[in-house]
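Trainee: My questions will all concern the structure given below.
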Amino acid sequence: MTAKTIAFSNHKGGVAKTSLSVNIADALARDGYSVLFVDLDPQGNGTQLVYGYDETPAITVEQVLAGKESIAAAIVDKTQIPGVSLIGATLKLARLERDLQLTPFASTSILLTKLQSVRDVFDVIILDTPPALSFLTANALAAADCVFVPVESGSKLALVGTDDMLEFVSQAKTVNPRLKLGGAVLTKHDGRKKLCKITQAVIGDYFDTVLGHVLPQSADIGKSQAVGQTVLQYDRECTASREVVEIAREIATIAGLTKEAAE
Ligand SMILES: Nc1ncnc2c1ncn2[C@@H]1O[C@H](COP(=O)(O)OP(=O)(O)O)[C@@H](O)[C@H]1O
Ligand SMILES: [Mg+2]
């Protein structure tokens with residue numbers, strides 16, 4: 001049995017990649033999947049949301065990618081989110097990325113190779129990626145079975161640059177034929193706003209698959225993050241929480257997740 005690996009990617013910043021990946025990790029864990037969250041963004045926002053703001057894990061992903069620590073050593077099982085284990089990131093990941101890029105024959109399959117040994121321990125591995133079509137994002141897509149693209153609704157530039165993202169996914173498929181474009185997820189959506197309606201109307205022109213459920217524009221997302229919680233921990237009944245649960249189920253179906261990891 002092997003975990004499915006799911007990446008959330010978009011080279012635009014602020015589109016809710018991290019918010020979505022953390023909250024989907026929580027929703028999947030609540031649905032009974034054993035989840036590993038891997039932060040590949042040197043900003044470490046995902047690490048803070050999963051592990052807490054006060055400390056960083058002693059061993060983080062850059063040491064694993066550099067071959068200095070084993071992946072098992074980097075996995076933190078006790079996080080703020082029950083059922084979600086973490087491999088965190090710190091700003092040092094930015095430096096490692098630069099160093100690796102300067103290395104002849106630097107490989108986009110480093111992450112894939114490292115994850116192999118833990119794929120039978122989890123049902124799903126979630127990869128949060130940086131806002132760039134970079135070496136780290138290439139490593140994420142080389143390791144992923146499925147990539148979802150969060151798209152910020154109502155932003156005039158929401159879909160500008162989609163071609164670059166899709167071209168990057170195509171290139172990733174040449175090294176990773178397993179990779180499937182799971183689809184776009186509309187985020188920060190406010191159905192009352194004209195620009196949001198426009199984004200929703202045209203997004204299907206850019207993506208073959210668009211998830212039926214959207215992450216609404218919601219103050220509860222920001223408020224939950226301010227107190228170090230997922231939105232489901234903050235208020236299980238709010239609209240954003242209900243949508244997160246449904247998005248997670250769509251993702252589970254599209255990515256073909258199964259619950260097999262041993263307890
Ligand atoms: N659905 C939402 N409604 C309102 N604010 C949101 C929503 N999703 C994310 N945000 C806020 O938008 C900002 C960027 O989100 P983040 O998940 O960090 O994006 P990314 O990882 O793509 O850079 C954060 O301040 C976050 O709290
Ligand atoms: Mg982020």
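Trainee: Report yes if SER153 is crowded, with 18+ Cβ neighbours inside 10 Å and under 20 Å from the mean Cα position of the chain (by Cα), otherwise no.
Mentor: yes
Trainee: Since LEU195 meets every condition but one in (1) away from ligand 2 (no atom under 16 Å from the Cβ); (2) free of Cβ contacts under 8 Å to residues at least 12 places away in the same chain, which condition does it not meet?
Mentor: Tallying (1) away from ligand 2 (no atom under 16 Å from the Cβ); (2) free of Cβ contacts under 8 Å to residues at least 12 places away in the same chain, LEU195 fails exactly one: (2).
Trainee: To continue, here is another question. Quick one: which of ALA140, ALA132, ALA172 is touching a residue at least 12 places away in the same chain (Cβ under 8 Å), surrounded by 20 or more Cβ atoms within 10 Å (Cβ to Cβ), over 22 Å from ALA240 (Cβ atoms) and within 16 Å of ligand 2 (Cβ to nearest atom)?
Mentor: Unique residue meeting the criteria: ALA140.
Trainee: Still on this structure, I have one more. Can you say whether ASP208 is in a helix (DSSP H, G or I), acidic (Asp, Glu), modelled with pLDDT of 95 or more and over 19 Å from the mean Cα position of the chain (by Cα), as far as the supplied structure shows?
Mentor: The answer is no for ASP208.
Trainee: Filter the stretch 39-69 for residues that are away from ligand 1 (no atom under 14 Å from the Cβ), touching a strand residue (DSSP E or B) at 6+ places or on another chain (Cβ under 9 Å) and not in a loop (DSSP other than H, G, I, E, B) and give the result.
Mentor: Residues satisfying the conditions are TYR51, VAL61, VAL64.
Trainee: Which of the residues belonging to the stretch 112-140 are within 16 Å of ligand 1 (Cβ to nearest atom) and assigned to a helix (DSSP H, G or I)?
Mentor: LEU136, THR137, ALA140
Trainee: Also, quick follow-up: Scan the stretch 230-257 for residues that are surrounded by 18 or more Cβ atoms within 10 Å (Cβ to Cβ) and either outside any helix (DSSP H, G or I) or in contact with a Lys or Arg (Cβ under 6 Å, 6 or more places away or on another chain) (or both) and jot them down.
Mentor: THR230, CYS238, ALA255, LEU257
Trainee: List the pairs whose first member sits in the stretch 233-254 and is of a type in the set (Phe, Trp, Tyr), whose second member is not in a helix (DSSP H, G or I), and whose Cβ atoms are under 9 Å apart, counting only residues at least 6 apart or on separate chains?
Mentor: Within 9 Å, the pairs are TYR234/VAL227.
Trainee: Tell me the residue from ALA29, ALA25 that is surrounded by 20 or more Cβ atoms within 10 Å (Cβ to Cβ), in contact with a Pro (Cβ under 7 Å, 6 or more places away or on another chain), in a helix (DSSP H, G or I) and not charged (D, E, K, R), please.
Mentor: ALA29
Trainee: Now for a separate question. Those residues that are within 18 Å of ALA132 (Cα to Cα) and part of a strand (DSSP E or B), I need them from the stretch 151-184; list them, please.
Mentor: VAL151, GLU152, LEU181, ALA184
The values are calculated or read from the model by the stated rules, or taken from the named source; none is laboratory data. Computed from a predicted structure; not experimentally measured. Reconstructed Cβ throughout: ideal geometry from the backbone, glycine too, with neighbour counts over all protein chains shown.
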